[in-house]
1. Just one of A:Val145, A:Val168 is hydrophobic (A, V, I, L, M, F, W, C), surrounded by fewer than 18 Cβ atoms within 10 Å (Cβ to Cβ), in contact with a helix residue (DSSP H, G or I) (Cβ under 8 Å, 6 or more places away or on another chain) and part of a helix (DSSP H, G or I); which is it?
2. Kindly evaluate A:Leu328 against the criterion of being in contact with a strand residue (DSSP E or B) (Cβ under 7 Å, 6 or more places away or on another chain) and at pLDDT below 95.
3. Inspect all residues belonging to the range B:89-109 and state whether any of them is within 29 Å of the chain's Cα centre (by Cα), surrounded by fewer than 13 Cβ atoms within 10 Å (Cβ to Cβ) and within 9 Å of chain A (Cβ to nearest Cβ).
4. Check whether at least one residue in the range A:175-188 is more than 11 Å from every other protein chain (Cβ to nearest Cβ), touching a helix residue (DSSP H, G or I) at 6+ places or on another chain (Cβ under 8 Å), under 20 Å from B:Phe164 (Cβ atoms) and not charged (D, E, K, R), and report yes or no.
5. Name the residues in the range B:153-177 that are more than 10 Å from every other protein chain (Cβ to nearest Cβ) and either in contact (Cβ under 8 Å) with a residue 12 or more places away in the chain or on the phi > 0 side of the Ramachandran plot (or both), would you?
6. What's the number of the condition A:Gln348 fails, among (1) under 23 Å from A:Ser141 (Cα atoms); (2) at the interface with another protein chain (Cβ under 9 Å from one of its Cβ atoms); (3) without any contact (Cβ under 8 Å) to a residue 40 or more places away in the chain?
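The values are calculated or read from the model by the stated rules, or taken from the named source; none is laboratory data. A quick note: this is a predicted structure, and the numbers were derived from the prediction, not measured. When we count neighbours, we look across all protein chains shown, and the Cβ atoms used for this are built from the backbone with ideal geometry, even at glycine.
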Amino acid sequence: MLKTIQWMAVCLVLCLSVGTAFSQGLSPPSNVTAVDTPNDDGSSITITWDAAAEESGISGYQILRRIAGGELETIGDLLPVGTTAYVDSSIEQGTSYAYIVRAVSETEATVDSEQTAPVEGNDEWFHTGKIPLFITMLLFSAAIVWNIYDARSGKELFVRRIPGLEAVDEAIGRATEMGRSILYSTGLGGVSGVATIASMTILGQVARRTADYETSLRVPCRDPIVLNVVREMVKTAYLEEGRPDAYNEDDIFFLTESQFAYAAGVEGMMLREKPAAIFLQGTFYAESLILAETGNSVGAIQIAGTDSEHQLPFFIAACDYTLIGEELYAASAYLSREPMLLGSLRGQDWGKLLIFAAIVLGVVLELSGISWITTLLQRVR
Amino acid sequence: MDFWSLIGIWVAAFLTLSIYSVLYRDNPFYRFAEHLFVGVSVGYGIVLSVYQGLVPFALKPLWETVTTGAPEGFIKLIPICIGLLFFARLSPRHTWLIRYPIAILIGYGSGIAIPNVLRANIFEQTRGTIAPFAEIAAGTLSGWGVVEAILMVAGVICTLTYFFFSVEHRGPVKWLSKVGIAFLMIGFGSAFGNTVMGRVALLIQRVDFLLGDWLRIIS
């Protein structure tokens with residue numbers, strides 16, 4: 001008897017809720033699918049459904065999930081009505097989840113979709129969204145390798161004049177004549193920064209010349225790892241020039257990791273030591289103008305170079321020469337004239353030509369109503 | 001205001017003025033503030049490195065591995081040992097060992113950086129340059145929007161031409177690169193003005209501290 005009453009109560013509640021839902025014109029979310037999120041580490045499942053019609057009366061969606069054989073649980077907040085997808089990032093790998101999307105009306109009437117098939121989150125070995133990146137890298141690498149072989153075959157490669165780099169010898173010569181030191185800052189970037197790597201390569205070339213001229217080269221470092229790489233590069237440069245005796249490890253030292261303490265320290269060095277030449281090469285932030293202005297005030301010849309576009313204006317305003325972005329990367333090839341680096345430089349130019357072509361072709365295609373280039377570029381993750 | 005807060009304000013005001021004193025010339029006050037700043041930041045950095053690096057990423061996992069005896073935990077010994085190779089510099093006979101962690105770091109750094117640079121600086125920028133032309137074709141962009149889109153493409157192409165190093169800049173290439181450098185300078189001028197405004201705001205904050213919190217001239 002009790003069981004019959006319970007059944008009747010359940011049926012009544014169901015009828016009432018369905019009736020309310022239909023009276024609101026509420027229809028269940030359709031085409032609900034749950035799939036393992038592609039190109040992830042298996043930590044999420046993506047649930048999608050069709051957008052509700054404008055007059056559907058739906059004010060939002062609630063996502064419910066069930067572990068096989070378990071209870072339904074509500075996950076996340078109420079989603080706004082325009083939503084058609086939800087990524088459940090609170091899953092455990094190896095567990096199957098089934099989902100229901102619940103449509104909620106303004107009067108809080110609800111109607112549930114059908115339950116999806118159970119799905120597990122799996123991690124993928126390859127991120128297919130990165131394939132265009134991979135192909136581009138292969139193309140760039142092929143262009144660089146081709147040009148390196150071309151350069152090694154003895155063919156002379158042309159490099160246009162870069163005034164900032166032609167001044168390197170002038171700056172080192174000036175410091176030598178004046179008997180003063182050269183201050184070289186690799187900036188605030190870590191060892192993995194492209195600009196820092198470029199800066200360290202330039203430093204290697206500068207160190208070769210200071211080894212020849214017996215000029216003191218002072219390098220305050222902000223990163224302990226950069227410090228070790230810099231010491232190694234400068235030491236190698238002095239060895240290759242046959243002047244290991246002129247190498248002084250204490251001239252390359254750690255200052256501090258704090259941005260403005262580093263700026264204050266380098267500024268103090270500039271004011272007290274009055275270096276004849278200052279190289280500011282690498283990644284810089286807000287301290288760029290402090291350093292460049294102080295260097296200018298002590299009368300040093302300053303050669304700056306960075307790919308931090310917000311700091312370039314300050315270097316241009318306060319330094320004698322500035323290497324703008326890509327010029328910083330080209331510097332090592334320009335200074336050393338080594339066939340391998342020159343080949344690499346021309347290979348990079350081929351890459352730029354490819355970008356040039358992609359832009360022109362993209363504009364023409366877009367104007368013709370064909371948008372596959374932008375679609376392809378948008379898909380790259 | 002309690003006593004220690006008052007002391008803090010006086011110390012901060014003294015150090016602020018000491019740092020600003022370099023605008024006149026190098027002097028003992030600036031030197032004191034500079035050395036204090038560098039010293040405190042190094043000390044603070046060491047404490048941070050210990051508590052945010054050494055303890056959670058090296059000592060704690062090792063201790064857990066030793067206490068639980070989980071063999072997979074010993075895999076963490078590999079990066080720890082690679083890191084320890086940096087100390088090889090302390091021994092002149094074994095200095096060469098430092099090249100291994102350096103090579104790994106630069107290789108890892110480049111591997112992480114190159115795809116991101118390609119995506120953000122090439123793919124996204126190329127798409128952003130082309131995308132407005134889809135709107136022009138669809139008729140949703142007109143007037144100044146069209147002019148802006150054309151200017152953007154012209155600017156990108158001319159600026160890109162400036163950065164061709166293996167081509168002699170003469171004839172059309174010379175003119176394109178000259179226009180490119182003009183675009184760059186306009187951009188830099190705009191960024192200069194924008195950043196200077198930001199720096200003035202920072203100066204105002206300091207002056208506000210000196211005149212308000214310290215001297216109490218302004219409320």
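1. After ruling out the rest, the residue left standing is A:Val145.
2. It is true that A:Leu328 is in contact with a strand residue (DSSP E or B) (Cβ under 7 Å, 6 or more places away or on another chain) and at pLDDT below 95.
3. yes
4. no
5. Scanning the range B:153-177 gives B:Ala154, B:Gly155, B:Cys158, B:Gly171, B:Leu176.
6. The failed condition is (3).
Every residue, every condition in (1) among the hydrophobic types (A, V, I, L, M, F, W, C); (2) at pLDDT below 90; (3) closer than 25 Å to A:Thr322 by Cα, yes or no:
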| site | (1), (2), (3) |
| --- | --- |
| B:Ala137 | yes, no, no |
| B:Ser142 | no, yes, no |
| B:Leu151 | yes, no, no |
| B:Thr161 | no, no, yes |
| B:Val179 | yes, no, yes |
| B:Phe183 | yes, no, yes |
| B:Trp214 | yes, no, no |
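Residue by residue, here is whether (1) away from chain B (no Cβ under 13 Å); (2) surrounded by 20 or more Cβ atoms within 10 Å (Cβ to Cβ); (3) charged (D, E, K, R) holds:
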{"position": "A:Gln259", "(1), (2), (3)": "no, no, no"}
{"position": "A:Gly268", "(1), (2), (3)": "no, yes, no"}
{"position": "A:Ala277", "(1), (2), (3)": "yes, yes, no"}
{"position": "A:Leu291", "(1), (2), (3)": "no, yes, no"}
{"position": "A:Asn296", "(1), (2), (3)": "yes, no, no"}
{"position": "A:Ala300", "(1), (2), (3)": "yes, yes, no"}
{"position": "A:Ile303", "(1), (2), (3)": "yes, yes, no"}
